[in-house]
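The next block holds one structure in the form of structure tokens; read it before the comments.
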Ligand code: 13P
């Protein structure tokens, strides 16, 4: 028996107005029974968070943000702090999503500062790591380098509070999913890395998700893998019914 609680998270990226967010939430909650065994999380854009937080108060659907700044406040035009996210009802935040790294210049030192700030300010970070297609033949080296730099300053207690998401960049939004075996192999490598840099208890406690073209049709076979503790879903999380089917796949494991 694993002590890790599965997590199904929907990263909406740059999709949905506050009104569209409300429509999704109303529909999704009508399908959802009170959920205790697995955690379910939606990650809408910043502009939807306040409205979503009000609708989700007291519900078992959790709320997260797609990014945050590492400073608490100040002259950082366009940036959002952990305290602002918490005030909207967020309990989670994505850190180091590949789109932030590739399109917005978040390098490993920025990712590390954001991770430390999220933990300091009481948000549970989901650290995203993954390799591009051209890096795929040296995936271990790439992921090891990201983990080493991103987790700088994170002790074993903090790590056990965190979630890691393995998202191969070649599988994001492409319809190309890693096979369950390939996803399992890389995620088990991440767990082994935690064992050797922290300890086995921390490795066993740390939740690790797979992300990259997860859909209702492939969710069950991915989630059946021993080391895969849930999914970070992009496109298929935008429609309440398909996100719900992925949740159902996790429940029936
Ligand atoms: P897709 O599920 O659309 O491939 O996106 C994955 C992702 O990047 C989730 O963070």
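Bear in mind these aren't lab numbers, they're just calculated from the coordinates by the rules spelled out. Everything numeric here is computed off the predicted structure, so don't read it as measured data. With ideal geometry, Cβ positions are generated from the backbone for all residues, glycine too; neighbour counts draw on all protein chains shown.
On full extension of the chain, what length is gained from residue 4 through residue 176, given 0.36 nm per residue of separation minus the C-alpha to C-alpha distance? List each step's numbers first, then the result.
On the way: separation 172, 0.36 × 172 = 61.92 nm, distance 2.71 nm.
Stretched fully, the residue 4-residue 176 segment lengthens by 59.2 nm.
Counted over the chain with a bin width of 5 Å, the fraction of Cα pairs per bin, in whole percents, is 1, 6, 14, 19, 21, 18, 13, 6, 1, 0.
Annotation for residue 149 and residue 103: the two label points, set 7 Å from Cα along the Cα-Cβ direction, are 2.1 nm apart. Contact order for the chain, expressed relative to its length and based on alpha carbon pairs under 8 Å spaced 6+ residues apart, stands at 21 percent. Overall, the ratio between the Cα radius of gyration of segment 150-253 and 2.2 N^0.38 Å, rounded to two decimals, is 1.09.
Largest first and in whole Å, give the semi-axes of segment 47-155's equivalent ellipsoid, each being the square root of 5 times a Cα gyration tensor eigenvalue. Intermediate results must be reported in sequence, preceding the final value.
Working: eigenvalues 142, 48, 34 Å².
Its equivalent ellipsoid spans semi-axes of 27, 15, 13 Å.
Say R0 is 41 Å: what FRET efficiency, to the nearest 0.05, do residue 34 and residue 75 get from their beta-carbon distance?
Values: r = 44 Å, r/R0 = 1.07.
Calculated transfer efficiency: 0.40.
Annotation: the residues 43, 110, 26, sorted from fewest to most other C-beta atoms within 10 Å of their own C-beta, follow the order 26, 110, 43. Looking only at segment 75-119, which residues have a backbone nitrogen under 12 Å from a spot 7 Å from the Cα of residue 132 in the C-beta direction? 102-103, by backbone N distance to the label point. Sorting 113, 5, 251 by the number of Cβ atoms found within 10 Å of their own Cβ, with the fewest placed first, yields 5, 251, 113.
Neighbour counts of C-beta atoms inside 10 Å place 112, 48, 81 in the sequence 81, 112, 48, starting with the fewest. Helical runs (DSSP H, four residues minimum) scored at -39500 (n - 2.57) apiece and divided by the length of the chain put the mean residue ellipticity at 222 nm at -13000 deg cm²/dmol.
Computed FRET efficiency, Cβ-Cβ of residue 50 and residue 217, R0 45 Å: what is it to the nearest 0.05? Before the final figure, lay out the partial values.
Details: r = 34 Å, r/R0 = 0.76.
So the FRET efficiency works out to roughly 0.85.
If the chain linking residue 195 and residue 22 were pulled fully straight, counting 0.36 nm for each residue of separation and taking away their Cα-Cα distance, it would gain 58.1 nm. Rounded, prolate or oblate, given the Cα gyration tensor of segment 1-74, with a/c below 1.5 counting as rounded? Since a/c reaches 1.5 but b/c is at least a/b, the shape of segment 1-74 is classed as oblate.
Suppose the Debye formula is applied to equal point scatterers at every Cα of segment 84-215; what is log10 I(q)/I(0) at q = 0.12, 0.16, 0.21 Å⁻¹? With no solvent term, the Cα-only Debye profile gives -0.44, -0.79, -1.34.
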